[in-house]
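> Please find one structure pasted underneath; my questions will follow.
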Amino acid sequence: MRRTPVVLVIEDDRDVRRFYAAALHEASFDVIEAHNGLQAMEKAAENQPDVILTDLGIPGIDGFELCRRLKLDPRTNAVPIVAITGRYLSPVDHERVRRRGCICVLIKPIDASDLVSSLRKVLAPA
């Protein structure tokens, strides 16, 4: 059993990804990083993270498709997914994200304490 939760952070902007990783490390999370959807699929299957944080606007397969594929894969279908985006999401987009398996959407910019708090809520026992 893991002592600290593992978060897979998928973000194509290196500076933003490093910001998320630093904030999560500071809060005692272990972090795995990926910069696109295909790399994220591989890392999720190999590492079995406790939660996945993905930007919706990543290169290759976008965050919507990534979520769909992760939920179809028996190795990753139970991992909670939190989406993050810097663009406006219409009600239709919010529903699309939920149908793809995301449990919530965070809007950029997000500060470190809100990011950590959101992920802790996702990981809290029911």
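> I'd like the full set of residues that are under 25 Å from residue 116 (Cβ atoms) and surrounded by fewer than 16 Cβ atoms within 10 Å (Cβ to Cβ), limited to the stretch 78-92.
Passing the criteria: 78, 86, 87, 88, 89.
> Would you be able to say whether some residue in the stretch 91-114 is touching a Leu at 6+ places or on another chain (Cβ under 8 Å), more than 25 Å from residue 125 (Cα to Cα) and in contact (Cβ under 8 Å) with a residue 24 or more places away in the chain?
no
> Right, here's the next one. I want to confirm something. Restricting to the stretch 43-66 and keeping residues that are closer than 22 Å to residue 115 by Cα and touching a Ser or Thr at 6+ places or on another chain (Cβ under 7 Å), which single residue is surrounded by the fewest Cβ atoms within 10 Å (Cβ to Cβ)?
By that ranking, first place goes to 57.
> Sticking with this one: Out of all the residues in the stretch 31-40, is one or more over 20 Å from residue 116 (Cα atoms), aliphatic (A, V, I, L, M), in contact with a Lys or Arg (Cβ under 9 Å, 6 or more places away or on another chain) and free of Cβ contacts under 8 Å to residues at least 40 places away in the same chain?
Within the stretch 31-40, none of the residues are over 20 Å from residue 116 (Cα atoms), aliphatic (A, V, I, L, M), in contact with a Lys or Arg (Cβ under 9 Å, 6 or more places away or on another chain) and free of Cβ contacts under 8 Å to residues at least 40 places away in the same chain.
> So residue 27 ticks every box in (1) closer than 23 Å to residue 77 by Cβ; (2) small (Gly, Ala, Ser); (3) out of contact with any Pro (no Cβ under 9 Å at 6 or more places or on another chain) but one. Which box is left unticked?
(1)
> Having 2 or more residues that are at pLDDT 95 or above and under 14 Å from the mean Cα position of the chain (by Cα) is the bar; report the helices (runs of 4 or more DSSP H) wholly within the stretch 1-119 that clear it.
In the stretch 1-119, 14-26, 37-47, 63-72 are the helices (runs of 4 or more DSSP H) which contain 2 or more residues that are at pLDDT 95 or above and under 14 Å from the mean Cα position of the chain (by Cα).
The values are calculated or read from the model by the stated rules, or taken from the named source; none is laboratory data. Everything numeric in this text was worked out from a predicted model, so none of it was measured. Methodologically, a virtual Cβ is constructed for each residue, glycine included, from the backbone with ideal geometry; neighbour enumeration extends over all protein chains shown.
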